[in-house]
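Participant: This structure is in structure tokens; I'll ask about it shortly.
The values are calculated or read from the model by the stated rules, or taken from the named source; none is laboratory data. No experiment lies behind these values; they were computed from the predicted model shown. Glycine also receives a Cβ, built like all others from the backbone with ideal geometry; neighbour counts cover every protein chain displayed. In case anyone asks, the SASA skips ligands and DNA or RNA and just uses the protein heavy atoms, side chains included. Shrake-Rupley method; radii C 1.70, N 1.55, O 1.52, S 1.80 Å.
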Amino acid sequence: MAHIIAPSILSSDFANLQSECEMLNNSEADWYHIDVMDGVFVPNITFGMPVISAIKKHATKTFDVHLMIVNPDQFIEDFADAGADILTVHYEACPHLHRSIQRIKAAGMKAGVALNPHTNINLLEDIIQDIDLVCIMSVNPGFGGQSFIENTYTKVSELKALINKKGSNTLIEIDGGVTDKNARKLLDCGADVLVAGSFVFKSDNPTQTIANLKKV
Ligand code: DX5
Ligand code: ZN
């Protein structure tokens with residue numbers, strides 16, 4: 001399967017979201033990666049359902065919504081209504097992860113689980129077959145533009161081995177510090193989805209940068 005590129009709109013121009021959507025629609029991007037932060041789970045606040053609904057009107061691609069919030073269960077149906085196609089919750093924010101995943105699926109979305117850099121892959125052993133996507137955080141969540149954590153490669157390989165062992169078709173997504181320097185190695189380790197925020201939106205030509213990541 002060709003790898004998926006998911007630009008993170010966290011690094012886009014929030015005052016011109018419609019034109020950023022048009023750029024993404026006309027690019028080789030596969031998904032929109034949408035980062036929701038609550039100032040509690042992570043030390044930053046971004047946006048919520050009204051903004052997601054607003055960009056949904058202009059977007060033509062899959063909405064991959066990454067919740068960096070505590071107690072995400074209370075908002076699952078709201079994010080479905082706002083237009084999320086994939087809803088990712090953090091392992092560290094979900095004491096009843098199995099229930100959260102079932103509820104995301106019942107709301108008609110694909111279910112993702114994100115792991116912070118310190119969270120071990122093996123903790124997913126008993127649930128991997130229920131998960132559509134695992135998001136491996138390659139930075140500490142909260143901000144765009146941080147440096148990639150090198151230990152991520154080992155985690156991707158370990159997760160790929162677990163997925164193969166269980167015969168699951170879970171996608172592996174990498175989020176944080178992705179550039180053309182680490183993309184190839186991540187894919188070789190087993191990654192399926194590359195999120196890129198600042199590398200895309202802070203470049204001179206985001207459309208070309210997305211095309212370059214797609215060709216890696
Ligand atoms: C970080 C977010 C990322 C972020 C990635 O907490 O989850 O999706 O936008 O940004 P870059 O690619 O700049 O590291
Ligand atoms: Zn993210």
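Participant: Under 9 Å from the Cβ of E173, count the other residues' Cβ atoms, weight Lys and Arg +1, Asp and Glu -1, and hand me the total. Don't skip to the answer; put the middle values down first.
Facilitator: Details: positive: none; negative: D64, D175, D192.
Once positives and negatives cancel, what remains is -3.
Participant: Further question: Put +1 on the Cβ of every Lys and Arg and -1 on every Asp and Glu Cβ in region 59-181; which of A161, M68, V89 then has its Cα farthest towards the positive end of the dipole?
Facilitator: In region 59-181, that residue is A161.
Participant: Sort the following peptides by mean Cβ neighbour count (other Cβ atoms within 10 Å, averaged over residues), highest first: 98-110, 187-199, 5-17. Before the final figure, lay out each step's value.
Facilitator: On the way: 98-110: 16.7, 187-199: 21.9, 5-17: 19.8.
Ranking, from highest mean packing down: 187-199, 5-17, 98-110.
Participant: May I pose another question? Could you provide, to the nearest whole Å², the per residue accessible area of the chain with probe 1.4 Å?
Facilitator: Working: 9280 Å² over 216 residues.
On a per-residue basis, the chain sits at 43 Å².
Participant: To continue, here is another question. Taking 8 Å as the Cα distance limit and 6 or more residues as the minimum spacing, I'd like the relative contact order of the chain as a percentage. Walk me through the numbers before you get to the answer.
Facilitator: Numbers: 433 pairs, mean separation 47.2, N = 216.
With pairs under 8 Å counted, the relative contact order is 22 percent.
Participant: If you average the C-alpha positions of region 34-66 and of region 78-137 separately, how far apart do those two centres end up, in angstrom?
Facilitator: Spelled out, the Cα-based centre of one part sits 16 Å from the other.
Participant: Using a 10 Å cut-off on Cβ atoms, rank the peptides 134-146, 202-214 from the highest mean neighbour count down.
Facilitator: On the way: 134-146: 21.0, 202-214: 16.0.
Put in order of decreasing packing, that is 134-146, 202-214.
Participant: If the reach is capped at under 18 angstrom between alpha carbons, list the lysines near K202, excluding any in the same chain fewer than eight residues apart.
Facilitator: K181, K214
Participant: List the GluC sites (Glu not before Pro) within region 22-86 that fall in a DSSP loop (any state other than H, G, I, E or B) and whose Cβ has at most 15 other Cβ atoms within 10 Å.
Facilitator: Numbers: sites: E22, E28, E77; in loops: E28.
Answer by residue number: E28.
Participant: Now for a separate question. By how many nm would the segment from D78 to K105 lengthen if fully extended, with 0.36 nm per residue of separation less the alpha-carbon distance?
Facilitator: 8.4 nm
Participant: Further, regarding this structure: With +1 on the Cβ of every Lys and Arg and -1 on the Cβ of every Asp and Glu, and nothing else charged, how large is the dipole of region 73-154 about its Cα centre, in debye rounded to the nearest 20? Could you put the intermediate results ahead of the total?
Facilitator: Working: 4 positive and 11 negative charges, 5 e Å.
Its charge dipole is roughly 20 debye.
Participant: Using the Cα atoms of the chain to build a convex hull, what is its mean projected area in square nanometres? Provide the component values of the computation, followed by the final result.
Facilitator: Details: hull surface 42.4 nm².
Here the figure is 10.6 nm², rounded to one decimal.
Participant: In addition: If you place +1 on the Cβ of every Lys and Arg, -1 on the Cβ of every Asp and Glu, and leave all else neutral, what size is the dipole of region 100-216 about its Cα centre, to the nearest 20 Debye? Intermediate results must be reported in sequence, preceding the final value.
Facilitator: Details: 13 positive and 12 negative charges, 40 e Å.
I would put it at about 200 debye.
Participant: So, one more: For labels at M1 and T62 in the simple 7 Å Cα→Cβ model, what's the distance in nm?
Facilitator: The modelled label-to-label distance comes out at 0.7 nm.
Participant: Rounded to the nearest percent, how much of the accessible area of the chain (1.4 Å probe, protein heavy atoms only) is carbon and sulfur?
Facilitator: In the chain, the share of accessible area belonging to carbon and sulfur is 49 percent.
Participant: Continuing with the same structure: Under the 0.36 nm per residue contour assumption, what length would be gained going from the current alpha-carbon distance of D85 and Q208 to full extension? Don't skip to the answer; put the middle values down first.
Facilitator: Details: separation 123, 0.36 × 123 = 44.28 nm, distance 2.57 nm.
Full-extension gain reported as 41.7 nm.
Participant: Something else about it: How long is the gain from E158 to N26 if the chain were fully straight, where each residue apart is worth 0.36 nm and the alpha carbon distance is subtracted?
Facilitator: That pair, E158 and N26, stretches by 44.0 nm at full extension.
Participant: Something else: Under the rule a/c < 1.5 gives rounded, and otherwise a/b versus b/c splits prolate from oblate, where does region 22-106 land using the Cα gyration tensor?
Facilitator: Working: a/c = 2.05, a/b = 1.60, b/c = 1.28.
Note, shape of region 22-106 comes out prolate.
Participant: With unit charges on the beta carbon (Lys/Arg positive, Asp/Glu negative), name the residue among S203, A111, A2 whose Cα is farthest towards the positive pole of the charge dipole of the chain.
Facilitator: The residue sitting most towards the positive pole is A2.
Participant: Hey, if you put +1 on the Cβ of every Lys and Arg and -1 on every Asp and Glu Cβ in the chain, which of V134, L186, T46 ends up farthest toward the positive end of that dipole?
Facilitator: So the residue we want is L186.
Participant: Now, a different point. Could you tell me the calculated FRET efficiency between D13 and K165, based on Cβ-Cβ distance and R0 = 30 angstrom, to the nearest 0.05?
Facilitator: On the way: r = 43 Å, r/R0 = 1.44.
Computed FRET efficiency for D13 and K165: 0.10.
Participant: Taking the Cα centre of the chain as origin, work out the dipole magnitude from +1 charges on Lys and Arg Cβ and -1 charges on Asp and Glu Cβ, in debye rounded to 20.
Facilitator: Numbers: 17 positive and 26 negative charges, 83 e Å.
My answer is approximately 400 debye.
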